[in-house]
Each structure stands twice: as C-alpha cells, then as structure tokens.
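Have a look at the structure below, then the notes.
The values are calculated or read from the model by the stated rules, or taken from the named source; none is laboratory data. Please read these numbers as outputs of a predicted model, since none were measured by experiment. Glycine also receives a Cβ, built like all others from the backbone with ideal geometry; neighbour counts cover every protein chain displayed.
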Amino acid sequence: MPINSVCYIIVKIYYEVIYIKAQLILENGTIFQGEGFGAVGARIGCLIVNTRMTGYTEALTKPSQAGNIVVFSYPLIGNSGVCTQDFESPSITASSLVISELSTIESNFRSEASLTAVLEKHGVPGIKGIDTRALVRLLHVTGSMRAMVVHGVLAPAFESICFDEAPKISPIAKKEVPAENPKKHIAALNFGAKRSTLEKLNGRGISVTLHPYDTDSETILASKPDGVYLTEGAYKAENYPSVLKTIKTIYDSGVPILALGLGHCLLASALGGAVKPLAHGHHGANHPVKDVSTGRVYITAQDFDEHVEALPNGCVAAYINVNDKTVAGFTDDTVISTAFIPDNAEAAIGTGYIFEKYLERIGG
C-alpha cells in the first residue's frame, strides 16, 4: 500500500475516533460532530425529541424507548446523577442519547453513579456537545428520522449504513405483581409496562398478572380477572397485528379494560378506529390535555408517535391534546383509554383519579 494511503488512513482514524470522538449521522446525510461519553460503539435508532426538564433516568429506562435515540431538548443533563430506584425497567432501553451539555457534577443525595458510568455499564453510547436546538428545528421540518450515533469507533461509510432495521420485539415472560393489600386482580397484556405504573395500581390494592403480549384471549379470560390492562410499550400499533383479535375478544367479553400509551392505540385499532402517525411524536412530561367532561387542563407525561384519528363506534373522546387537538383519551361503558400515562396526584392537580375511576369500574 502506498505510503500516502497509509498516512491518509492514520489521519482519518485519528480525526474521527480520537479528535472528533463521536458523530450523529442522520439518514438524510446530515452529520453532527460531538464528543462521546458512555460506552464505545455505534447504535442505530429513531430520533425522538424529549422535552422533559427533569427525570432523564426514567426517560432512558422506559420500555417504550426501545429502538429510540433520545434527544433531550433541555440543555443540561446529568446534574442529579442516577438512582436505580428511578429505573422504569431493569436496564437502559434507549439505543443512545443526544444532549447539548453533560454536567460534570452530580448534586443529589440519592445519586448512586454518574450518567456516564451508568451508560458504560449498560453498553449505551451517548453524544454531547450537539446543537440540540438546530437538531430539533431540523426534525420539526423533516419529521421523524432515523440516525446512527458513533462513539470511539470508526464511522462506517454512509452508503453502508442500514437505517431501516426491523424492530426487535420479543414477548416478556409472565410475571405476578401483587398488591400489599389486594382488593382486586387484573390481567395485563404486557407490551412494556413501567415500574411506576404498576406501583400506582398496586397502591390502590390492584394486583397485576403481566402476560406476554401474544397470550391468547382464552388464557386471559380463563383466569377470571376483574379487569384487563393493555400496557404502554415500545414501537407502534402496526408492529402488533396479531393481538388485535385478542383485544377485540376481551372487549366483547365485557371485562373492563384500562389502556395506556401503546395500549390506547392498539385498543382503538382493535375496535375499528383509525390510528395514524403523528408528524411530530409526543415525548416528554409537559404535554397539556383537557378533560372534556370538566374543561380542566392537566400536564401529562406522553411517549408515543401515533394518535387515534377516528374513534371506534360507540366511544367518545374523554381527553384532547391542547397543543395539536388530537384525541388523548376515549371511553365507553367498558373501557378507559388514554394516550398519556396518568400520574399519582389527586384530581385537583393531577390525573391519578383515572386509576380511581378504573377501580370503580372493576368493583373496587
């Protein structure tokens, strides 16, 4: 090999791996240069913009983040460290994260480790020093886009990157989540339930049996549950076509259904409603929705990329997103379904009353 070619390769490796350290490569060919942190490696995912100002640990560990590269619009991340008690699942589920600035200190008495150390432990690369405002503005114009984060390794040729990786969806093993003082028992089709949602149900005396999402309706109904919970989860309703018949059979049985997040869209699809992609996904903890029955507006946590465009027959809108006027929840005599995840606060300030309503529906 000619000496000039060897020199070129050496310079290229030094520039891309040691000097630049990290790159964010978008599928449209745009490249953002930054500095890597966390694990070394390359990850592909769908870029989603998360607008929350706090709770980055929860945002990175929610099962619904599988296959996503999380872009935090808030400029400073990592300042409170990481506490494993805040994990929504056993590990980090996001493919990677993109931030403007990483805090050099962790100022929180609950902190167990730095964000960098936790990313390294879970094998997740991150990139900092990115102009996230420019990136968010770009995504606002182009809509959802896939990308690759490269940290500490030589970036592959753009032409060789396969951005359209198929989602890796595997059923989650059956699990019992008992309440300390059980009043009722519900069965759940588990697409990726969050720890905190299960705790909210348990706290109201509701024990939960989490079934793999591909469990048939006969098995679910044979356990004679007081209700059925369609959990939040990863990806879109179109990725779970085989469960629609199961959901419709459960609905026809008359068992009260609680559907949240992904479960909300799956229920609408199963009952004949129309579900369409959003131009810009809802990801964050500051999305306003209006309770149609009272006119009260609540700030909610949302994490999805599609919405119910047309309601199923017999269902009425219960909540409307204040920003884009999309349906944020619907109901009938059997179901309570919301695109957002209810919090634990009382009705005066939060949406915890939705769990209370469901407890009434199942006879609690």
Determine which single condition Leu266 fails, assuming it passes every other condition in (1) touching a residue at least 40 places away in the same chain (Cβ under 8 Å); (2) more than 25 Å from Asn313 (Cα to Cα). (2)
Index of the failed condition, Gly272 passing every other in (1) assigned to a loop (DSSP other than H, G, I, E, B); (2) more than 23 Å from Glu238 (Cβ to Cβ): (2)
Tell me whether region 123-138 contains one or more residues that are within 25 Å of Leu260 (Cβ to Cβ), among the charged types (D, E, K, R) and in contact (Cβ under 8 Å) with a residue 60 or more places away in the chain. no
Taking region 157-179 and keeping residues among the aromatic types (Phe, Trp, Tyr) and not in a helix (DSSP H, G or I) leaves Phe163
Just one of Val82, Val70, Val98 is modelled with pLDDT of 95 or more, touching a helix residue (DSSP H, G or I) at 6+ places or on another chain (Cβ under 9 Å), farther than 26 Å from Ala134 by Cβ and of a type outside the set (D, E, K, R); which is it? Val82
Quickly run through region 72-95 and pick out the residues that are free of Cβ contacts under 8 Å to residues at least 60 places away in the same chain and closer than 12 Å to Glu58 by Cβ. Ser80, Val82, Cys83, Thr84, Gln85, Asp86, Ile92, Ala94
A careful count of residues in region 139-149 that are within 23 Å of Glu306 (Cα to Cα), touching a residue at least 60 places away in the same chain (Cβ under 8 Å) and among the β-branched types (Val, Ile, Thr) gives 1
Looking at region 48-107 only, could you name the residues that are assigned to a strand (DSSP E or B) and surrounded by fewer than 17 Cβ atoms within 10 Å (Cβ to Cβ)? Leu76, Glu101
